[in-house]
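Heads up, the thing below is written out as structure tokens.
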Amino acid sequence: MKNKLFRLNFHWLFVAIIFFLNFNFVLAQTGANKITSIVWENNALTINTTNQIAYTETRIKEPDRVVIDILNCSLENKTLAKSFQSESDETISISEPALEHVRIVFSGTASINRKSYLTNNEKTLITRIARIDDVSEEKIVENSEQTTLEKIVPGNLKEIIVKEDDDKTKVLITATKPIKFNTYPLKNPDRLAIDLLNILPPDKPLPTHNPTPFISSIRIGRAASGLAATRVVIDLLKPNTGFDIDTNLLGTKIEIEFKTIKEKEETKKKPGFKVIIDPGHGGYDTGASYGGFEEKDVNLIISNKLKASLEDYGITVFLTREDDSFLSLAERTDITNSIKPNVFISIHGNALVTSKVIRGVETYYWTSQSQKLASYVHKSILNHIDIPDHFIRRAQFYVIRHTPVPAILAELGFLSNHDDRKLLTNSTTQDQYAKALTEAILKFLEIEKKD
Ligand SMILES: [Zn+2]
């Protein structure tokens, strides 16, 4: 719908072309960026700005800190320079140490596990507790005495190779140091931007590439002025191009595979009940990570089992994500509010950085029409799974607050606890979780249970 409107208006097409031609210039011109709001909620810090964000993130030990510097950016008003205290006893302080330079410091033991990513056309920066198992790969600066950022010597972009297979195109990016990256699929025109953090553009221009059925060209530039990051922009030829990203063990090479997204089967509008299952996290937002398991994977496995089980009852089931892809919270509620299901259930695994002893199931709801569903789900899990009761709670999680349909968020157990982790990652107990959730949803929808 939006696309059609866009095409009808040729004026906008010209604007888009001009924007396209000036893309690198626009990126460098972030001088006017302003932070309009800063929200601390549900263990995540969300920063909204007027313009694209360029930032660096550094982890420092003793004491544990994460320092985020937002460059070419100022606070819209001085009241935004404040501090928060997190549940896990961190202090989060926001300051403007220099002109057009905003600094956020997380200090406390949980802070080192924080990870940031951009959403909303790179105008929103979210920092939340993330994985803890890759500490060795993250550059932790030991014994830093001052709060000034230690300089980490950046690497260089070495080469970009394009390989053409039958029905896919692979782009291999190699650098002299391990690459941390953010990806941004962008529209009008369709392209994929990848920011290689702490990697500088090559000294000499790289050879140009011939177009493939998926890619028209690849452009390389600085992600933003003054920032040691390279932006690689891959111009796409087709709007329905999907991509998968993989890295080698050392992290010095990333491989991006482009292929056509298969057309989703027409979901027939069957009369009857609709349920949306939302597997929490995805992509580089791994969720909690303990004992070699990542929450995003556990959430997806249980969600798929629940989907199959509900479909046995003729219920039309939608998943907000079907694979390991990143989806913002707003996208999840957009899907929900366009489908208007009878039930929305977000599947999560819990974690506590400060204690490995705490375990149990927690069920969250926000609106009054969701309370009964929360109670059915909670009781059913306690009936089927040998897990402590960590209570039904009312909380303003984004995905259950921004929809009028009955919506709950189930924290099925603590990945940070050994016993709960066994329940969450074992195939048999995963089936029992799916069964427990199915029975609760059937009861809520007043559908009779089969034997
Ligand atoms: Zn989660």
For P404, work out the one condition from (1) surrounded by 22 or more Cβ atoms within 10 Å (Cβ to Cβ); (2) modelled with pLDDT under 95 it doesn't fulfil. (1)
Restricting attention to the stretch 306-333, the residues that are among the charged types (D, E, K, R), part of a loop (DSSP other than H, G, I, E, B) and more than 16 Å from the ligand (Cβ to nearest atom) number exactly 3
Would it be correct to say that K435 is in the same structural domain as T363 (by TED's automatic domain parsing), surrounded by fewer than 19 Cβ atoms within 10 Å (Cβ to Cβ), within 19 Å of V298 (Cα to Cα) and touching a helix residue (DSSP H, G or I) at 6+ places or on another chain (Cβ under 8 Å)? yes
Got a sec? Which strands (runs of 3 or more DSSP E) wholly within the stretch 66-115 have at least 3 residues that are in contact (Cβ under 8 Å) with a residue 24 or more places away in the chain and in the same structural domain as N51 (by TED's automatic domain parsing)? 73-75, 101-107
From the list S289, S355, S303, which one is closer than 19 Å to F397 by Cβ and of a type in the set (S, T, Y)? S303
Return the residues of the stretch 363-379 that are closer than 22 Å to L415 by Cα and either surrounded by fewer than 21 Cβ atoms within 10 Å (Cβ to Cβ) or basic (K, R) (or both); say none if nothing qualifies. K379
Looking at T212, T241, T247, which is the one that is surrounded by 14 or more Cβ atoms within 10 Å (Cβ to Cβ), assigned by TED's automatic domain parsing to the domain that holds K163, touching a residue at least 24 places away in the same chain (Cβ under 8 Å) and under 14 Å from A175 (Cβ atoms)? T247
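Here is a list: T367, T429, T336, T354. Which entry is touching a helix residue (DSSP H, G or I) at 6+ places or on another chain (Cβ under 6 Å), β-branched (V, I, T) and more than 15 Å from the ligand (Cβ to nearest atom)?
Result of the check over T367, T429, T336, T354: T429.
For every residue, the table says whether it meets (1) modelled with pLDDT of 85 or more; (2) within 30 Å of D312 (Cα to Cα).
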| position | (1), (2) |
| --- | --- |
| L196 | yes, no |
| P213 | yes, no |
| R222 | no, no |
| T230 | yes, no |
| V233 | yes, no |
| E266 | no, yes |
| I277 | yes, yes |
Given the condition farther than 20 Å from E41 by Cβ, of a type outside the set (A, V, I, L, M) and without any contact (Cβ under 8 Å) to a residue 24 or more places away in the chain, answer yes or no: does some residue in the stretch 341-352 qualify? no
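Just checking, which of I60, I53 is among the aliphatic types (A, V, I, L, M) and under 14 Å from V102 (Cα atoms)?
After applying the criteria, what remains is I53.
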Scanning the stretch 282-305 residue by residue, the ones that are modelled with pLDDT of 95 or more and more than 16 Å from the ligand (Cβ to nearest atom) total 2
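Residue by residue, here is whether (1) surrounded by 15 or more Cβ atoms within 10 Å (Cβ to Cβ); (2) modelled with pLDDT under 85; (3) within 23 Å of G280 (Cβ to Cβ); (4) touching a strand residue (DSSP E or B) at 6+ places or on another chain (Cβ under 9 Å) holds:
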| position | (1), (2), (3), (4) |
| --- | --- |
| Y117 | yes, yes, yes, yes |
| R128 | yes, yes, yes, yes |
| I132 | yes, yes, yes, yes |
| Q146 | no, yes, no, no |
| K158 | yes, no, no, yes |
Qualifying positions in the stretch 28-50 - at pLDDT below 90, more than 20 Å from the chain's Cα centre (by Cα) and surrounded by fewer than 21 Cβ atoms within 10 Å (Cβ to Cβ): A28, Q29, G31, A32
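The values are calculated or read from the model by the stated rules, or taken from the named source; none is laboratory data. Note that this is a predicted model, so its numbers are computed, not measured. Cβ coordinates were reconstructed from backbone atoms using ideal geometry, including for glycine residues, and neighbour counts include every protein chain displayed.
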